[in-house]
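Have a look at the structure below before the remarks.
Just so it is clear, none of the values below were taken in a lab; they were calculated from the coordinates. This structure is a prediction, so every number in the text was calculated from the model and none was measured. Because the Cβ atoms are built from the backbone with ideal geometry, glycine has one as well, and the counts that use them run over all protein chains shown.
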Amino acid sequence: MADAFNALEKLADALYALATGSGRVQERLGDAAIFLIRVRPEDISDENLRRIFIGVMDDLSYAQAQGGDEGNIRATMRLTDDEDARSIARRILELYHGLDRFLRER
């Protein structure tokens, strides 16, 4: 259960980065990802929420880095349009609320 609370904390940190960071949504998602990569899917015990988390992480890192110091997340955000970036950000918010609700009900 402690892992789930850690995951919730990292989701909160990611949301803070999204809400207060500068730059386009894609840049702020890159900042938020720094916190999200510290969460393991098995930290989220609810199967539906775990699937959402895995989907978010896939959407943040599907592209291959093109070299240099560019990682998969930066490469993906370079290819992600504004609408898709906002959709990913909304899913992170929904995931946070869903996990918070799940933990409160336990």
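Listing for the model above:
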| quantity | calculated |
| --- | --- |
| From phi via Karplus (6.51, -1.76, 1.60), per-residue ³J(HN,Hα) for region 48-63 in Hz, x at Gly/Pro | 5, 5, 5, 4, 4, 4, 4, x, 4, 5, 5, 5, 7, 9, 6, 7 |
| D_trans [Stokes-Einstein, Kirkwood Rh over alpha-carbon pairs] for the chain, 4 °C, 1.567 mPa s, µm² s⁻¹ | 94 |
| Cβ charges +1 (Lys, Arg) and -1 (Asp, Glu), total dipole of region 42-106, debye | 180 |
